[in-house]
Amino acid sequence: MLKTLRGALSSYLFLLPALLLLVVFTLYPVLYGAYLGFTEYTAANFATRSPPTWVGLDNFRTLAGDELFRISVLNSLKYLLVVPALQIASLAVAVLVNRQLPGIAFFRAAYYVPVITSISLAAVMWDWIYNKDGVLNWLLKGLRLMNPDSNLSWLLDPNTAFWAIMLVTFWRGFGYYMVLYMAGLQNIPEELEEAARLDGASPWQTFWRITVPLMQPTILLCTLLSVLSAIRVLEEVLVFTNGTGGPLNSTYTALLYVYKKSFGGLDFNYGLASAAGLVVAAIALVLSVINFRLFREGSVRA
Amino acid sequence: MTRVVRAAPPVARTVTRRRVRHPLRQVLTYLVLFTIFLFAAFPLIWTFVISVTDSNAVTTGRTVYDFPASLFPQRVTLANFVNVVQTYPAVGRAFLNSLLISGLSVVLTVIVSALAAYPLARHDFRGKAVVFAVILGTMVLPTETSFLVNMLTLAKLKAWPVIGPLIGIGSYLGVVLPTVSTAFGIFLMRQAFLAIPQSLLEAARIDGAGEALIFRRVMLPLAIPSIAALSIFTLVNTWNSYFWPSIALTGAQNKLPLAVEMLKLKGAFNDNIFNTAAGAVIMMVPILALFLFAQRFFMRGLEGATK
């Protein structure tokens, strides 16, 4: 008995730093943040060390009446459009590079490079591409997709800023999901695809009947990760528009709202910011549930 | 067996057909691969070209927008880099800050994760299942307001006597500590420790080694590939992270990493795109070199996250 107690003690000693940090910086913020959403708490409260005041649903009523919050949530939902594009493209590219070809390792590595590019670097580089004299306009004019006399500043136009930023998300994301899909593809027994081919299945049929159903767990994981990061998009819109939310608030997203209401603006209204954070968290939760539902139905059909 | 026999004729057909179509398909495949390559790599290639372009020898005045002529600079120079480091000493400082913050993150992440992973992999103790479930559970927490509360926590910590300035808001450790303990790191290290043969542990115990000694002398050395994967993964993430450092280092301008300074430089260099590009390359090169050097470990770390 004493021995097992000492054994457990030494085990917990090993675990102590990790658990302590997890509790202070991961568990506590989530719980305290949820609580703050139902309180009135500002920088002034924090400075004078006066505790948060419970105000029930007041913050949520404020949010419901705030036009900017409505726009920001809608923009976050609109941002989900990047998910199908990103997933289809990265799965396709994974299938493309998941074979023995001379030089294929080079392409795989090159496709991953945008993933390890920081958002600030991306902002610097894509700014030139999106400039009115930039490469994108040059390319589109060259392809006759754009009037040669027009001068579009992609990040400054309220009609395009949102999509321009989304393309950067796509650019920084597809290599990441490609690697995850490649890992999934490697788990498919080669004999299965071989057998299908021997039975006379076309590559297209093999892909839809063998690869996609067997990849379903990976596809679910990647879609889920992608949905959650799309609904939480913040850094892109923060960096590309210098934190303004873009022309006519066209790139204002829900988490940018949380940031602006807490530290990024003049409000310092931690209670309201936390309430907005709770709304985003609730949306993320609903989307995850929908994701799981959709994929379970898919597996029944397949 | 029967299936193979039955399918014999189509095989022969496919093989011949493939042989005929092969060269064209190959060319097409490489064309597609190269197009995607341009999409992925163009911004970086472009930035690199601008950074080595002699700004006095650009075709139409001091502009790089004269595309595609500007993709082939008339004169190549390293002057832009010298210019950046000389006129903006903040770049050098920020570079050191990035090194320090990333280094601290890597060391602490590896230590904390490995320590926690060891009992989870090799000990049997009361509450183990619960602890492990809680750690994994932190991966799905709604973290939307974590940055807010963590910032308040760091501000409170700063008021602590003696250690306050070391771990509070605006300190190097303050940026690092909230990111050090992650389910991903602990899980990755646990997988590594699980793969170590039990006989080695038993031999060490028979020799009278204590837990700390076994951990240091047996477990850690055998887990080096995973430690490398976790280190590189952490290094890339912290080197690139922008949002959290920019908040946690509020009021400590001189401690900001390159990823944050980069955007200020962009503003400061607005008139000189060549210098901005040089600054970007300075930030990009170390991480790119590391990635190319340690690609395999890196991918392994990524895959470890999904198992």
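The values are calculated or read from the model by the stated rules, or taken from the named source; none is laboratory data. The shown structure was predicted, so the numbers you read here are calculated from the model rather than taken from an experiment. Every residue, glycine as well, gets a Cβ built from its backbone with ideal geometry; the counts of neighbours run over all protein chains shown. Just the protein is used for accessible areas: all its heavy atoms, side chains included, with ligands, DNA and RNA removed. Shrake-Rupley method; radii C 1.70, N 1.55, O 1.52, S 1.80 Å.
So here's what we get for this one:
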| item | result |
| --- | --- |
| Some residue of segment A:66-73 being outside any helix (DSSP H, G or I), touching a residue at least 40 places away in the same chain (Cβ under 8 Å), of a type in the set (Phe, Trp, Tyr) and closer than 16 Å to A:Gly277 by Cβ | no |
| Per-region count, segment B:103-139, residues small (Gly, Ala, Ser), assigned to a helix (DSSP H, G or I) and either within 30 Å of A:Val289 (Cβ to Cβ) or open to solvent by 20 Å² or more (accessible area, probe 1.4 Å) (or both) | 4 |
| Restricting segment B:57-69 to residues that are at the interface with another protein chain (Cβ under 10 Å from one of its Cβ atoms) and over 12 Å from B:Phe274 (Cα atoms), the residue that is modelled with the highest pLDDT | B:Pro68 |
| Matching option when the condition is in contact with a strand residue (DSSP E or B) (Cβ under 6 Å, 6 or more places away or on another chain) and not in a helix (DSSP H, G or I), among B:Pro142, B:Pro73 | B:Pro73 |
| Among (1) modelled with pLDDT of 95 or more; (2) in contact with a Phe, Trp or Tyr (Cβ under 9 Å, 6 or more places away or on another chain), the one test that A:Val97 misses | (1) |
| Test: residue in segment A:143-152 that is in contact with an Asp or Glu (Cβ under 7 Å, 6 or more places away or on another chain) and more than 7 Å from chain B (Cβ to nearest Cβ) | no |
| Checking A:Ser288 against (1) in a helix (DSSP H, G or I); (2) surrounded by 17 or more Cβ atoms within 10 Å (Cβ to Cβ); (3) of a type in the set (Gly, Ala, Ser), the condition it does not meet | (2) |
| Check on A:Ala110, more than 7 Å from chain B (Cβ to nearest Cβ) and touching a Gly at 6+ places or on another chain (Cβ under 9 Å) | no |
| Top-ranked residue of segment B:163-210 - restricted to ones that are part of a loop (DSSP other than H, G, I, E, B) and in contact (Cβ under 8 Å) with a residue 24 or more places away in the chain, ranked as farthest from B:Ser246 (Cα to Cα) | B:Ile196 |
| Only one of A:Ala195, A:Ala201 that is free of Cβ contacts under 8 Å to residues at least 24 places away in the same chain, farther than 30 Å from A:Asp157 by Cβ and assigned to a loop (DSSP other than H, G, I, E, B) | A:Ala201 |
| Residue in segment A:46-61 that is nearest to B:Ala155 (Cα to Cα), counting only those that are out of contact with any Asp or Glu (no Cβ under 7 Å at 6 or more places or on another chain), open to solvent by less than 70 Å² (accessible area, probe 1.4 Å) and within 13 Å of another protein chain (Cβ to nearest Cβ) | A:Phe46 |
| Yes/no for B:Leu235 being within 11 Å of chain A (Cβ to nearest Cβ), under 30 Å from A:Lys261 (Cβ atoms) and either touching a residue at least 24 places away in the same chain (Cβ under 8 Å) or surrounded by 17 or more Cβ atoms within 10 Å (Cβ to Cβ) (or both) | no |
| The lone exception for A:Tyr252 - which of (1) more than 11 Å from chain B (Cβ to nearest Cβ); (2) among the hydroxyl-bearing types (Ser, Thr, Tyr); (3) free of Cβ contacts under 8 Å to residues at least 24 places away in the same chain it fails | (3) |
| Any hit, segment A:84-95, residues being out of contact with any helix residue (DSSP H, G or I) (no Cβ under 8 Å at 6 or more places or on another chain), assigned to a helix (DSSP H, G or I), without any contact (Cβ under 8 Å) to a residue 40 or more places away in the chain and of a type in the set (Gly, Ala, Ser) | yes |
| Among residues of segment A:62-85, those that are open to solvent by 40 Å² or more (accessible area, probe 1.4 Å) and either aromatic (Phe, Trp, Tyr) or under 30 Å from B:Lys156 (Cα atoms) (or both), counted | 1 |
| Subset tally (residues that are open to solvent by less than 50 Å² (accessible area, probe 1.4 Å), more than 18 Å from A:Ile219 (Cα to Cα) and hydrophobic (A, V, I, L, M, F, W, C)) for segment A:156-206 | 11 |
| Every residue from segment A:182-213 that is more than 10 Å from every other protein chain (Cβ to nearest Cβ) and at pLDDT 90 or above | A:Leu185 |
| From B:Leu258, B:Leu230, B:Leu201, residue being of a type outside the set (S, T, N, Q), touching a Gly at 6+ places or on another chain (Cβ under 8 Å) and open to solvent by less than 10 Å² (accessible area, probe 1.4 Å) | B:Leu230 |
